[in-house]
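Beneath this line is the structure, given in structure tokens, with notes to follow.
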Amino acid sequence: MSVHRRAGCGAPRAGFSVQAPARGAPHPAVNRSVRHILDSQDFRDGFADMLPACVGLIPFGLVCGVGAVAAGASIWGALGMSAIIFSGAAQIIAAQLLAVGAPVAVIILTCVVAGLRFLMYSAAIAPYLRPLPPRWQQALAFLLTDQAFAAAIRRFDAGVNPRAGGLHFLGAGFALWLCWQITNVVGYFAGNLVPASWSMEFAVPLCFIALIAPHFKSAPQVGAGVLAGIAVVALDSLPMRLNLIAAGVIGILAGTAVELVQERWTRR
């Protein structure tokens, strides 16, 4: 009888069915979580707030797609680069370095240097995100961009709770990420339709110049840019395209030196 009871206790009750989720299918809890996020007003507000910024990203996304074509990347390589790197400046640099055959280590190191400003963004927004679960912090760290940071920090400064601010940040970052993928793919296919005689590979360095030129507003910035430009040409003989790294360091040191001299001259 005891055996019969043990067997009966494991049997499902009438009207209920115990069914394991199919292999490879999303877990019901995951589906509920995704629906909850998409239905959140904070997520939708963040997504809507970034739509004007998405319009401004369209030309840069198209150029990055064209740059991937110029670098000889396949559609999957171009899409992987845009989805993982998710940075206009870093992608332009990576495409340019791939086009000239630079080693992977140099490409990664150069992209890291180009993205050092995100360390400051992370330090500024980390106290607001600390109450959130680690998986949320990791997702938001991946979606951190200049535009998303500006929108999120304004939201947090307004006094919203961490969850509401995180959902707004997630919506803003997702809007930018989605727009970036679409424009990169469109740019890739458009680049394949452009005749080679048009020399569209010049679009990549020209776009990068357009990105950094407006920042040359002071003597230290101009000095850093000029000396870095001279150094990258003068050190072109260095192996593995290390002239790019060396020129960046020289530019930083030159800009710092000019700023110190300017401060001492002002004190006098």
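The values are calculated or read from the model by the stated rules, or taken from the named source; none is laboratory data. Here the structure is a predicted model, which is why all the values come from computation and not from measurement. Every residue, glycine as well, gets a Cβ built from its backbone with ideal geometry; the counts of neighbours run over all protein chains shown.
Observations on the structure shown:
Table: residues versus (1) assigned to a helix (DSSP H, G or I); (2) over 21 Å from Gly173 (Cβ atoms); (3) small (Gly, Ala, Ser).
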| residue | (1), (2), (3) |
| --- | --- |
| Cys64 | yes, no, no |
| Gly67 | yes, yes, yes |
| Met81 | yes, no, no |
| Ile93 | yes, yes, no |
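- Selection count, segment 206-237, where residues are at pLDDT 85 or above and touching a helix residue (DSSP H, G or I) at 6+ places or on another chain (Cβ under 7 Å): 3
- Positions within segment 36-55 being surrounded by 10 or more Cβ atoms within 10 Å (Cβ to Cβ) and at pLDDT below 70, in sequence order: His36, Leu38
- The C-beta contact set for segment 82-93 (first residue more than 10 Å from Gly61 (Cα to Cα), second residue part of a helix (DSSP H, G or I) and of a type in the set (Ser, Thr, Tyr), distance under 7 angstrom, 6+ apart or interchain) comprises Ile93/Thr110.
- Residue check: Phe156 meets all listed conditions (1) under 21 Å from Met50 (Cα atoms); (2) surrounded by fewer than 13 Cβ atoms within 10 Å (Cβ to Cβ); (3) without any contact (Cβ under 8 Å) to a residue 40 or more places away in the chain but one, namely (2).
- Helices (runs of 4 or more DSSP H) wholly inside segment 104-174 containing at least 1 residues that are in contact with a Gly (Cβ under 6 Å, 6 or more places away or on another chain), β-branched (Val, Ile, Thr) and not assigned by TED's automatic domain parsing to the domain that holds Ala83: none
Listed here are the residues, each with its yes/no results for (1) more than 16 Å from the chain's Cα centre (by Cα); (2) surrounded by 20 or more Cβ atoms within 10 Å (Cβ to Cβ); (3) not aromatic (Phe, Trp, Tyr).
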position	(1), (2), (3)
Phe60	no, yes, no
Gly65	no, yes, yes
Gly72	yes, no, yes
Trp76	yes, no, no
Ala105	yes, no, yes
Gly115	no, no, yes
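- Consider segment 238-268 and keep the residues that are closer than 18 Å to Leu98 by Cα and more than 27 Å from the chain's Cα centre (by Cα). The one that is modelled with the highest pLDDT is Leu238.
- Checked against (1) without any contact (Cβ under 8 Å) to a residue 12 or more places away in the chain; (2) within 24 Å of Leu244 (Cα to Cα), Leu109 passes all but condition (1).
- Gly187 being modelled with pLDDT of 65 or more and within 27 Å of Gly101 (Cβ to Cβ): yes
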